[in-house]
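Report on the structure given below.
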Amino acid sequence: MSEEKYPFSIEPLGTTTLCIRHNREPIGFVSLLHYKETNQGEIVGLYIDPSFRRKGFAKRLIYGILDAARKEGLEEVKMTIAQDNEGANSFIEGTKFGFQKYNNWVLRL
Ligand SMILES: CC(C)(COP(=O)(O)OP(=O)(O)OC[C@H]1O[C@@H](n2cnc3c(N)ncnc32)[C@H](O)[C@@H]1OP(=O)(O)O)[C@@H](O)C(=O)NCCC(=O)NCCS
């Protein structure tokens, strides 16, 4: 068998997931991956049911997940959004959390 070209490992990663419900039905989610070794986090899986959009629910989820990130002692969170995802990019720009755009959206906590 040939030697691996790139060293890699598969391991569990700490995560926090928040769910927002309406009448007990889940209508939105967001998750935070914790990269403890660098005190960085990554926001993934932000989603709001289409019939509940533009009511501030994603904003509330992001506030909640940033709170969790600070409690975990993370110093920076990033969020990758596809360039053609106009809704999500407008969300990050419109909400003024303070994310800065490098290659990803990055927020110093
Ligand atoms: C992006 C998404 C999570 C936003 O959820 P939301 O609950 O509608 O967002 P909010 O209501 O909290 O929006 C807050 C502010 O962000 C901005 N915003 C949000 N969605 C926007 C859109 N589609 N177009 C323009 N501005 C938008 C507005 O400034 C809005 O405030 P306003 O409604 O008072 O004008 C939702 O559209 C979604 O689930 N999209 C599909 C999944 C996705 O793309 N997730 C991100 C992957 S990285």
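FYI, it's all coordinate maths here, none of it is from the lab. This is a predicted model, so every value here is computed, not measured. Cβ atoms come from the backbone with ideal geometry, glycine included; neighbour counts cover every protein chain shown.
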Strands (runs of 3 or more DSSP E) wholly inside the stretch 18-109 that include at least 2 residues being of a type in the set (Gly, Ala, Ser) and within 13 Å of the ligand (Cβ to nearest atom): 25-35
Between a residue in the stretch 37-66 that is on the phi > 0 side of the Ramachandran plot and any residue that is part of a helix (DSSP H, G or I) and more than 10 Å from the ligand (Cβ to nearest atom), which pairs come within a Cβ distance under 7 Å, given they are 6 or more apart or on different chains? none
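Just the residues that are more than 10 Å from the chain's Cα centre (by Cα) and within 18 Å of TRP105 (Cβ to Cβ), please, taken from the stretch 30-46. Working first, answer last.
As a first pass, look at the stretch 30-46 and keep what is more than 10 Å from the chain's Cα centre (by Cα): 34-40.
The answer is HIS34, TYR35, THR38, ASN39, GLN40.
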